[in-house]
Amino acid sequence: MAYRRGPQEPIPEEETVVWSCTNEDCSCWMRDAFSTEEKTVCPICKSEMEKETRVLPVIS
């Protein structure tokens, strides 16, 4: 038996600046708002990270 909760409200999204790892084997990224440094190092593989823009859900 399946239950329905009704239509889901769409999650608002916006273009967000993020830091993305430059290592092709690593998929790590983080929002720029959560970074405290101007040049960021990947917390997973210790490679350099670069800024890019992604469309992400809004965090309030």
Are there chymotrypsin sites (Phe, Trp or Tyr not before Pro) in segment 2-60 that DSSP puts in a loop and that have at most 13 other Cβ atoms within 10 Å, and which ones? Tyr3
For volume of the Cα convex hull per residue in Å³, one of [x] 87; [y] 73; [z] 141 was computed from the structure I shared and the rest are decoys. Which label? [z]
Determine ³J(HN,Hα), in whole Hz, for all residues of segment 8-16 in sequence, where each value follows from phi through the Karplus function 6.51 cos²θ - 1.76 cosθ + 1.60 and θ = phi - 60°; x replaces Gly and Pro. 7, 6, x, 7, x, 10, 8, 5, 10
For the chain, state which trypsin sites (Lys or Arg not before Pro) are in a DSSP loop and have at most 11 other beta carbons lying within 10 Å of their beta carbon. Arg4, Arg5, Lys39, Lys46
Does anything in segment 19-60 have its amide N under 16 Å from the 7 Å Cα→Cβ label point of Glu9, and if so which residues? 57-60
Please list, ordered by chain and number, the residues whose modelled amide H lies under 5 Å from the amide H of Cys28; skip anything fewer than 5 residues away on the same chain. Cys21
Whenever you get a sec, compute what percent of the accessible area on segment 13-57 sits on carbon and sulfur atoms (1.4 Å probe). 45 percent
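The values are calculated or read from the model by the stated rules, or taken from the named source; none is laboratory data. None of these values were measured; they are calculated from a predicted model. Virtual Cβ from ideal backbone geometry, glycine too; neighbours counted across all protein chains shown. The accessibility values were calculated without ligands, DNA or RNA, using every heavy atom of the protein model including side chains. Shrake-Rupley method; radii C 1.70, N 1.55, O 1.52, S 1.80 Å.
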